[in-house]
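To keep things clear, I will list the structure first and then write my remarks on it.
The values are calculated or read from the model by the stated rules, or taken from the named source; none is laboratory data. Since we're looking at a predicted model, the values are computed, not measured. When we count neighbours, we look across all protein chains shown, and the Cβ atoms used for this are built from the backbone with ideal geometry, even at glycine.
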Amino acid sequence: MSPLQQMVSPAARRLDKGLAGTLVLVDADNTLWDTDGVFARAQLALLSGVEEALATSGPVEGRLSYVRNFDQALAESHHLGLRYPPRLLVNALALGLQGLSQQEAVRRAWNDGLQCGLAPEAISQIERTFFDMIATQPNLLEGVLAGLRDLASAGARTVVLTEGSRKRVIRTIEHHGLSGYIERIFEAPKTSRMFKRVSRLAKNGQTIYMIGDQLTRDIKPASEAGLTTIYVPGAFQPKWELQAANFETLQAATFDAAVSLVIQADQLSSHQKRLAGT
């Protein structure tokens, strides 16, 4: 399946400083904006909703970690990964709060969620609240606006890649007034094959960079496709990310720091080409 692509709006005029017009591919969630923060608040509210419905209390400390341990256990066994139906998390937390181990609670949530101790109406209400909360617009992460401006000033072309909803990404880009900095949006599973296809946007000899927050979903497939990658670790790293093998990649603490690496490398490359031509 070919990646879905869409122009956001005519990109801002590049203030070309003689650079090569580098092509920069950028992940969306947790690279440009704080999707994790939105989900954290929604997950904590979900836990509170389950506690209220059961008239019981869960942990006082480490509440987000408590929820996310169940969350990741469910995601590891679901074909949609972290996009599994949230009512499974409601069921698992309800069973866990009633004394079952995480492993057993997750197993029963899969097999017989109706026996979790909550009425179907309560489960539906908690799930609706969760969906409402994750629909709110996330905040931009540190250095994103400055980094996108720097890319535009350097004559770079910025393309956003997402495995989520392209329409949602467009809404978030427009909400934060970023349309003028983004040339295209691609929606597709991030595989090495997809990165190779998107790389066709580059000109001959043009360096292509990938900036992302996940080793397994952003860095590894982009590296396999021959791209130069820059890893900007997100605030939340699933355990399968922490267990991932090391990949050869540049690393930066913030998005604008990653952009600085791109610009410095591009300037050096341009200088070397000019010397070679003399």
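Name the residue, out of 222, 235, that is surrounded by fewer than 22 Cβ atoms within 10 Å (Cβ to Cβ) and outside any strand (DSSP E or B).
Residue meeting the stated conditions: 235.
Looking at (1) crowded, with 17+ Cβ neighbours inside 10 Å; (2) outside any loop (DSSP other than H, G, I, E, B); (3) in contact with a Ser or Thr (Cβ under 9 Å, 6 or more places away or on another chain), which is the only condition residue 155 fails?
Result: residue 155 passes all but (2).
Could you grab me the full set of residues in segment 128-169 that are touching a strand residue (DSSP E or B) at 6+ places or on another chain (Cβ under 7 Å), at pLDDT 95 or above and among the small types (Gly, Ala, Ser)?
Correct list: empty.
Please specify each residue of segment 158-198 satisfying the condition of being free of Cβ contacts under 8 Å to residues at least 40 places away in the same chain, small (Gly, Ala, Ser) and not in a loop (DSSP other than H, G, I, E, B).
Answer for segment 158-198, where residues must be free of Cβ contacts under 8 Å to residues at least 40 places away in the same chain, small (Gly, Ala, Ser) and not in a loop (DSSP other than H, G, I, E, B): just 192.
How about segment 61-74: which of its residues are touching a Leu at 6+ places or on another chain (Cβ under 9 Å), hydrophobic (A, V, I, L, M, F, W, C) and closer than 17 Å to residue 95 by Cβ?
Once the filter is applied, which keeps residues that are touching a Leu at 6+ places or on another chain (Cβ under 9 Å), hydrophobic (A, V, I, L, M, F, W, C) and closer than 17 Å to residue 95 by Cβ, segment 61-74 yields 67, 70, 74.
Being surrounded by fewer than 17 Cβ atoms within 10 Å (Cβ to Cβ), within 18 Å of residue 23 (Cα to Cα), of a type in the set (Lys, Arg) and assigned by TED's automatic domain parsing to the domain that holds residue 160 is the requirement here; does residue 184 meet it?
Numbers: surrounded by fewer than 17 Cβ atoms within 10 Å (Cβ to Cβ): no; within 18 Å of residue 23 (Cα to Cα): yes; of a type in the set (Lys, Arg): yes; assigned by TED's automatic domain parsing to the domain that holds residue 160: yes.
In short, no.
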